[in-house]
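J.: Pasting in a structure now, in structure tokens, and then I'll have a few things to ask.
Bear in mind that the values in this text are calculations on the coordinates, not laboratory data. On a predicted model such as this, the values are computed, not experimentally measured, just so you know. Here the Cβ positions follow ideal geometry from the backbone for every residue, glycine too, while neighbour counts run over all protein chains shown.
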Amino acid sequence: MSGRAEETLSYEQARDELIETVRRLEAGGTSLEESLALWERGEELAKVCRRWLEGARARLEAALAEEEDEGDEAAEED
């Protein structure tokens, strides 16, 4: 799964798949090729999670800035 398919993953879906990928890597018993494929998938999933978290952070910062601007405007009216 890559490219467009990753764009449709929710944060929770990507996180859960990443957890499972890490569990499989830590359990061992996979071939080198399988381990590399799992590692690469884990990196892709981590990027998806990071993008979601960065987006959430930006939304929070925007909301806080808007709230602060409204507070400044109210103070100026007093």
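J.: Which residues does the label zone of residue 11 cover in the range 42-61, counting backbone N under 15 Å from a point 7 Å along Cα→Cβ?
T.: Backbone N within reach: 46-61.
J.: For every other residue with a beta carbon closer than 14 angstrom to the beta carbon of residue 63, add +1 if it is Lys or Arg and -1 if Asp or Glu, then tell me the sum.
T.: Once all neighbours under 14 Å are counted, the net charge is -4.
J.: If you put +1 on each Lys and Arg Cβ and -1 on each Asp and Glu Cβ, how big is the dipole of the chain around its Cα centre, in Debye rounded to 20?
T.: In debye, rounded to 20, the chain gives about 1120.
J.: Which value results when the Cα radius of gyration for the range 30-70 is divided by 2.2 N^0.38 Å? Please report the intermediate quantities before stating the final value.
T.: Values: Rg = 17.7 Å, N = 41, 2.2 N^0.38 = 9.0 Å.
In units of the 2.2 N^0.38 Å rule of thumb, it is 1.96.
J.: Any chance you could tell me what percent of the C-alpha pair distances in the range 4-77 go past 15 Å?
T.: The answer is 65 percent, as a whole percent.
J.: With angles folded into 0 to 90 degrees, how steeply does helix 11-27 sit against the dominant principal axis of the chain? Use alpha carbons for both and round to 10.
T.: Roughly 30 degrees between the two axes.
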